[in-house]
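Encoded as structure tokens, the structure appears first; notes follow it.
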Amino acid sequence: MYDLSNKVALVTGAGGRHGIGRAIALRLATEGADVVVTDIVQSEEAIRPEDRQAGWRGLPSVVEEIEELGRQSLGLFSDVSDSAQVADMMDRTLERFGKIDILVNNAGSRPGKDRVLVVDLEGEALDEVLRVNVRGTFLCSQAVARHMIARGGGGKIIVISSGAGKKGIAKYAAYCASKFALIGFTQALAQEMGVHRVNVNAICPGLVDTERVDFIASALAPEGESGAEHRAMMVRHRESIIPLGRIAQGDDIARLAAFLCSAESDYMTGLSISVSGGTEMN
């Protein structure tokens, strides 16, 4: 549908079998791009037992899937909030492919101690969310933007924000703060990069059926209720209020990402587009 031939994409946070990052990486590869995928080493801890038993190995498995699609790939373990690791990620990507045409900032913090009331929120938990979600997006975007400016030829930068970046949610204050920040960051960077023909847009998913929901459910489950039980309740409740009647799948987000990474979106920048089945309509 979209021609991304001869493009090189960098997708962060792409090691989850059910994650948004993997879905986007595979879609970009399907459209013809070579794809570098990154994640943190700890992402292997999030592999579901049934997926591990089925042979899923995280980031190496994503690389294999991309190569099976006939594209080149590189998997890198990298903490996006660490400037030295981001610099190394850039060096290794450019050494292998020589350029970066597309950046997808998908890496995000793991839900946990931050999912509490503001009066109970510890500063360290807030800092952790901001470190990954905001600082990580800043460092990666800055590094790739500098490369795109120096190289010329334009480019695409995608930021994965959230519906929680448009509407506050109780017990999500730290997460909401980080995702609201990403929308402002997207708009500012879009203003700066337009002259260089680099489009910068944000995607704001609603609840997506990923490993991340497992952690959210575990963090929010009341005493006496398992994470799996609370997850099922969360999904049922969300589906009851979503106009389209289901929570999102990774492919729903990947379809929009592919469009925003293509020439079809060349006159779109600074936008924050909801993919939520109708729960957010702005």
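Conditions (1) outside any helix (DSSP H, G or I); (2) of a type outside the set (A, V, I, L, M); (3) under 25 Å from residue 260 (Cα atoms), marked per residue:
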position: 42; (1), (2), (3): no, yes, no
position: 81; (1), (2), (3): yes, yes, yes
position: 86; (1), (2), (3): no, no, yes
position: 90; (1), (2), (3): no, no, yes
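Listed here are the residues, each with its yes/no results for (1) assigned to a helix (DSSP H, G or I); (2) in contact with a Lys or Arg (Cβ under 9 Å, 6 or more places away or on another chain); (3) of a type in the set (Ser, Thr, Tyr).
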residue	(1), (2), (3)
143	yes, no, no
153	no, yes, no
186	yes, no, yes
195	yes, no, no
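Is it the case that residue 156 is charged (D, E, K, R), closer than 30 Å to residue 17 by Cα, surrounded by 20 or more Cβ atoms within 10 Å (Cβ to Cβ) and in contact (Cβ under 8 Å) with a residue 40 or more places away in the chain? Give the derivation first.
On the way: charged (D, E, K, R): yes; closer than 30 Å to residue 17 by Cα: yes; surrounded by 20 or more Cβ atoms within 10 Å (Cβ to Cβ): yes; in contact (Cβ under 8 Å) with a residue 40 or more places away in the chain: yes.
Considered against the rule, which asks whether it is charged (D, E, K, R), closer than 30 Å to residue 17 by Cα, surrounded by 20 or more Cβ atoms within 10 Å (Cβ to Cβ) and in contact (Cβ under 8 Å) with a residue 40 or more places away in the chain, residue 156 comes out as yes.
Residues in the stretch 227-244: is at least one within 21 Å of residue 27 (Cβ to Cβ) and touching a helix residue (DSSP H, G or I) at 6+ places or on another chain (Cβ under 6 Å)? Even if it seems obvious, please write down each step before you answer.
From the stretch 227-244, those within 21 Å of residue 27 (Cβ to Cβ) are 244; that's our starting set.
Applying the additional criterion that residues be touching a helix residue (DSSP H, G or I) at 6+ places or on another chain (Cβ under 6 Å) yields none.
No: the stretch 227-244 contains no residue that is within 21 Å of residue 27 (Cβ to Cβ) and touching a helix residue (DSSP H, G or I) at 6+ places or on another chain (Cβ under 6 Å).
So, residue 86, is that one at pLDDT below 95 and β-branched (Val, Ile, Thr) or not? Spell out how you get there, then give the answer.
Values: at pLDDT below 95: no; β-branched (Val, Ile, Thr): yes.
No; evaluated as a whole, the condition is false for this residue.
Tell me, please, whether a residue that is at pLDDT 95 or above, out of contact with any Ser or Thr (no Cβ under 6 Å at 6 or more places or on another chain), hydrophobic (A, V, I, L, M, F, W, C) and surrounded by fewer than 17 Cβ atoms within 10 Å (Cβ to Cβ) can be found in the stretch 228-237.
As a first pass, look at the stretch 228-237 and keep what is at pLDDT 95 or above: none.
No, the stretch 228-237 contains no residue that is at pLDDT 95 or above, out of contact with any Ser or Thr (no Cβ under 6 Å at 6 or more places or on another chain), hydrophobic (A, V, I, L, M, F, W, C) and surrounded by fewer than 17 Cβ atoms within 10 Å (Cβ to Cβ).
The values are calculated or read from the model by the stated rules, or taken from the named source; none is laboratory data. These numbers were taken from a predicted model, which means no experiment stands behind them. Ideal geometry is used to build each Cβ from the backbone, glycine not excepted, and the neighbour counts take in all protein chains shown.
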